[in-house]
Structures are given as C-alpha cells and as structure tokens.
Amino acid sequence: DLNESEVYRLVRDGRWNTNFEKIVDENLMKFISHLVPKYASCFGNAGINGCLNIGVDDTCEISGCPYKGEFPIDRLHETVEKSLEDNVRGGLSGMELLERVDITIIPLETNTDILVDDAGIAYKKATEEMMKYYDLLDIYGREYSEFHLKHREYTQGLEVLLNTRRYRMEMVDFIRKSYEKSENQKNMESLIKQLESSDYLKLDLDDLEWQREDRSTLFYWVVRFRTECKDDVCETKPCRPQKPSIYGPRQILCHLPSLRRRF
C-alpha cells in the first residue's frame, strides 16, 4: 500500500515509485478480469464483434492507463484467458475463447503543451485551504483557552465567589442592576453592605429551596449571579473550524488522469 506521504509526493512532484507501480498493475489486472467476461458474454449473446476500450474516462476522453516500462502482454493474455474460462459458460475452453479475442495495446501519446496540470491546480488549492484551516485553528485555540479560563471563573464554588473581592464587587453591581425599584431597598442595601465589608461571608445552607426563591438572601443572589455570568460566558464559546473536505490518498488514486501531465 501507499502511505499518505508517498501519495502526496506523487501528486506534488510526479514521482513514480515501486509501490504505486504495483498498485496500478494489480488493479488493472483485476479490472480486466472483472470487465472482459461481462462484455464477452454481452457481445456473444448479441452476436456481434464488439470492441471494449479500456483507458477512456466517463467523459469519453482517452485518458490511458498509467504504466512504466514494458507492458506485460503475456500476463495480460493469461489474465484474460483465466477470467473467460472461469466466468463464461459454454463448451469452449479458456484458450479457445482467448483465440476469439484480439488484444491490442496502443501507446498513448501525450502533449504537455496541451495537457492541463489538474493535479498541480488541485494540490495548490488544497495547500492553501489547509494553511488557512491551521491559521483558523490557531486562533480558535487561543480563543478557546480564554473562554475556558473565563468559564472556570464562574463555575467555582459559591463561597469562593462570595469571598473573592473581585467577584464581590461584580455582585454589588449585579444586585443594583437587578433589584427592582418596587422592592425593599433596605434589603438591597443590607446585601451590598455585607458584600462591601471585609468580613468572611458564610452561606446558610438550611432550607435551600426557600432561599433559592428569597431575593433578600445572599444565597439567592450568589446563585443567580453565578448562573447568569456562566450563561453569558457560554454564549462566547468559539466554534472549532471545520477541516477542509479535500481528497484523501485513496480518492487521489481514483483520479489518476489528472496526474497525466505530472508523469
């Protein structure tokens, strides 16, 4: 098998390597052994001398089959003979069937002045997309670190928030903005006075269900403060950038005609 590095070197530099040659050879023989019996049966049933062209893509462009060195014609004959013998029913042997098949190999002449370097264009675009992705990933990493730190601040224990000077001052502003004018202002001032003092504040953990609904208690306000601040921070959570959808090694090998100019 080709590893990812070999595939990208193949696309980037047009380097033909031994592993790639083996893959092309094996897949070509598999393709022929799969396709020839089907068409032989079709042509035989139709009573025609059909012609099967291999090396033509879906747009009818003659793309050829990539091969380096002398093509193994003897191995090709053996492959066709065996595939016909194993898959075509009738009274004829594989050799007799092969005698009715004319195999012609036509070397494909390529003109680099005409061919477009599709692989080079695709590689350049993929490189640009991946570099852009990693730039965005770097920004995301820094933004997520800031978000995580901020989120951690407002998910600490209630007494930690209540007895940290910075959060106390934020809580004072929070209470002043949230307290309704119709409510008892003395309660608000009492709460603020406690928060502005240098006393260590201990939460009363009795009857918490009642305290959660009582706006005159510190427990109510520290819970509400932490919840709303945490929710505000969660809204700033950055989205991880999506990795570009580009051809992987296996997909690249399915688009070999695009590499013609490179070879």
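The values are calculated or read from the model by the stated rules, or taken from the named source; none is laboratory data. The shown structure was predicted, so the numbers you read here are calculated from the model rather than taken from an experiment. Every residue, glycine among them, receives a Cβ derived from its backbone with ideal geometry; neighbour counts consider all protein chains shown.
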Only one of these conditions is not met by D113: (1) modelled with pLDDT under 85; (2) over 15 Å from S41 (Cα atoms); (3) surrounded by 14 or more Cβ atoms within 10 Å (Cβ to Cβ). Which number is it? (3)
Can you tell me which residue within segment 4-31, out of those that are in contact (Cβ under 8 Å) with a residue 60 or more places away in the chain and outside any helix (DSSP H, G or I), is surrounded by the fewest Cβ atoms within 10 Å (Cβ to Cβ)? G14
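Have a look at I114, I103, I121 and point out the one that is among the aliphatic types (A, V, I, L, M) and assigned by TED's automatic domain parsing to the domain that holds H34. Can you show your working first?
Values: I114 fails: assigned by TED's automatic domain parsing to the domain that holds H34; I121 fails: assigned by TED's automatic domain parsing to the domain that holds H34.
Answer to the selection: I103.
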Take the residues in segment 87-110 that are among the acidic types (D, E) and surrounded by fewer than 10 Cβ atoms within 10 Å (Cβ to Cβ); name whichever of them is farthest from C42 (Cα to Cα). E109
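Name the residue, out of D102, D199, D118, that is at pLDDT below 80 and either among the charged types (D, E, K, R) or touching a Pro at 6+ places or on another chain (Cβ under 6 Å) (or both). Before the answer, list the steps.
Values: D102 fails: at pLDDT below 80; D199 fails: at pLDDT below 80.
Unique residue meeting the criteria: D118.
Let's see how each residue does on (1) in contact with a Cys (Cβ under 9 Å, 6 or more places away or on another chain); (2) within 16 Å of L35 (Cβ to Cβ); (3) of a type in the set (A, V, I, L, M):
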position: Y67; (1), (2), (3): no, no, no
position: D74; (1), (2), (3): no, no, no
position: H77; (1), (2), (3): no, yes, no
position: E81; (1), (2), (3): no, yes, no
position: D86; (1), (2), (3): no, yes, no
position: G90; (1), (2), (3): no, no, no
position: S93; (1), (2), (3): no, no, no
position: L97; (1), (2), (3): no, yes, yes
position: V101; (1), (2), (3): no, yes, yes
